[in-house]
1. For B:I274, only one of the following conditions fails: (1) over 15 Å from the mean Cα position of the chain (by Cα); (2) more than 28 Å from B:F6 (Cβ to Cβ). What is its number?
2. Could you pull out the residue among A:A315, A:A254, A:A245 that is open to solvent by 10 Å² or more (accessible area, probe 1.4 Å) and in contact with a Gly (Cβ under 8 Å, 6 or more places away or on another chain)?
3. What do you reckon, is B:D240 at pLDDT 95 or above, open to solvent by 10 Å² or more (accessible area, probe 1.4 Å) and of a type in the set (D, E)?
4. Hey, among the residues in region A:293-312 that are of a type in the set (A, V, I, L, M) and within 14 Å of A:I201 (Cβ to Cβ), which one's most open to solvent (accessible area, probe 1.4 Å)?
5. In region B:307-321, how many residues are over 20 Å from B:H276 (Cα atoms) and modelled with pLDDT of 95 or more?
6. Can you tell me which residue within region B:205-264, out of those that are of a type in the set (D, E) and in a helix (DSSP H, G or I), is farthest from the other protein chains (Cβ to nearest Cβ)?
7. Which condition breaks for B:V66 when tested against (1) within 14 Å of chain A (Cβ to nearest Cβ); (2) within 18 Å of the chain's Cα centre (by Cα)?
8. If you go through region A:246-263 one residue at a time, do you hit one that is over 30 Å from A:K320 (Cβ atoms) and touching an Asp or Glu at 6+ places or on another chain (Cβ under 6 Å)?
2 protein chains.
Amino acid sequence: MSYKNFPMVSRVVFGRGCFNQLEDILAPKRINSKAPFIFFVDDVFKGNAWLTSRIPLSYDDKLVYVSTKEEPKTSQIDELVEDIILSYKDRPSGIIGIGGGSVLDIAKAVAIMLNNDGESKDYQGWDLVQNEAVYHVGIPTISGTGAEVSRTTILTGPERKLGINSDFTPFDQVILDPELTKDVPKDQWFYTGMDCYVHCIESLNGTYLNAFSQSYGEKALELCKEIFLEGDTSDEESQDKLMMASWHGGMSIAYSQVGVAHAMSYGLSYLLGIKHGIGNCIVFDHLEDYYPEGVAVFKQMKKKHNISLPQGICANLSDKEFDIMINVALSLEPLWENAIGKNWKKTITKETLKALYLKM
Amino acid sequence: MSYKNFPMVSRVVFGRGCFNQLEDILAPKRINSKAPFIFFVDDVFKGNAWLTSRIPLSYDDKLVYVSTKEEPKTSQIDELVEDIILSYKDRPSGIIGIGGGSVLDIAKAVAIMLNNDGESKDYQGWDLVQNEAVYHVGIPTISGTGAEVSRTTILTGPERKLGINSDFTPFDQVILDPELTKDVPKDQWFYTGMDCYVHCIESLNGTYLNAFSQSYGEKALELCKEIFLEGDTSDEESQDKLMMASWHGGMSIAYSQVGVAHAMSYGLSYLLGIKHGIGNCIVFDHLEDYYPEGVAVFKQMKKKHNISLPQGICANLSDKEFDIMINVALSLEPLWENAIGKNWKKTITKETLKALYLKM
């Protein structure tokens, strides 16, 4: 048996206001005045001088606002990369993502594709990337996805929703400033926080579990419970804790794997464009057969925060649409193997999934 | 205010038996056949083929057994580095430490000094290292010190016991194989495990605490309690957990600081050559005024495992000796500031420390 040799984020700074250190952190990484830093920023911050005035632009640096109405697509990555290549003679000094999971994944994918030929869809999968990425920095502005520590960048391609999983994917630098999450709307705060919660449940109840991911998963789960079951939802301590929960939850799945909720939620995203956070919640709400305790606690959290999830989203789907969605979900074999075990194909059939999707 | 930008270990592999992956991990790092890998191995493994037969030696690679009767000295590092430079034309491909905190610190210090001029004592302190270290790998064979994740390497120099703290200190690769700890003698298991426990208490009760180090420290503390208060002491699960506790405890102090026990224990080591693990225990046993809860739980653990600590070790010291020991302890200003606060000098005097040392 061979264990994963996990590549970690190279550097991390944590603290309220540490976003102010961005300029000092980037300065030594500038290759020359013609090699720009490209900042991908969630367009929710357009016009928000509190944040944007602190983004250090000099020389030919560029700020690109990114809409996160839809999740990142391989075609979008290819266009962003082409834009950069056509606009500058020099390869960028660095790619900086400032936003949620989508923006962080865009930054990672662009940094990889700047140094690797072809289209990003060709790299969806495991360990297909040949060359080191351009220096890339992740700055989360919402907590939960774990994108800040993962070795993947999840993209929707023409054929599937699947990550570019590689040793070159993790950020060279992460800036964890919980203050940046202070204006996240409540529903998004809940959905994205639940992404972390679901990571913990899937990791801790998976067959891939080991003492490494267990210790991270348990801590993240504990923090999620403090935040979503016991705590106040909006204070500074809660923002600090949720940022760490996301980090630890990300480390936990990085060294194990996710499970049923993620597999099925990928199907929903692929077919219906449902975003990952809410998609996970919609699916997880119906997984009591797989994660009885986890789902019971999830329902308590949902109630405490008056969250109501969409219902009947699969009611009017055609057989062909069900097939597409189910095939995407079933193609994520490591997720099912982690959740159910090596013989998962005996119990997880197209019918099983259709029955579950019909409940949603 | 500026927050630390912490350099992490680049890669980590975890799992029982993952030591077998050492050859595959090192192979791509070999610069050429004349640039050797140097393995520093705790001499407790001399003649232990179960471990040594799995150390992959080829070309001019060299295995150097290291005695850990005494803690690493700056003069020892300088000799080891000179030996390597005189024996090989090429700089080594890598330095691999296989052992406890002392051996890991030797590996880190040698890797640094191979690429930095002068004597290692000149680099004791914070951020004095100029050049990147040689590729270096840490493989702990006893758990607790946190040396596998820290950005320091603690050395006893002519003037003080102090680490080489730098961004180049952390390992490029860590191999966490809990099976390697299976034959640790019980007393050493306890003393070194308590190093981790004390890290948690000092970090969690320090003024430098933040949500980052808190989350790591809480998890490590929880694991320590499971292992030393509740659990069986020798089973595989306990070995796995203690290796993770050491990791998390190390991360916790890396992003905060240690405190009173470490400061005073450094004094004991410097003057009396008392090793770090047992030194911490001897000191911590008398720190109920500073860490009341932590010391109470420590005494329970000590009792549960029938550990008896040396008594009266300072009874016959001269005034001059007390001065030396107290000056070493007081010179560690960040530790005292973390433990007591900015105004620590008002309460921590030579007399305070002498009274404490006299109890030990």
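1. Every listed condition holds for B:I274 apart from (1).
2. A:A254
3. yes
4. Looking at the filtered set, the residue picked out is A:A296.
5. Selection size over region B:307-321: 3.
6. Selected residue: B:E230.
7. The number of the failed condition is (1).
8. No, there is no match, as no residue in region A:246-263 is over 30 Å from A:K320 (Cβ atoms) and touching an Asp or Glu at 6+ places or on another chain (Cβ under 6 Å).
The values are calculated or read from the model by the stated rules, or taken from the named source; none is laboratory data. Just so you know, these numbers come straight off a predicted model, no measurement behind them. Positions of Cβ are backbone-derived with ideal geometry, glycine not excepted, and every protein chain shown enters the neighbour counts. Note: accessible area is taken over every heavy atom of the protein model, side chains too, but ligands, DNA and RNA are not part of it. Shrake-Rupley method; radii C 1.70, N 1.55, O 1.52, S 1.80 Å.
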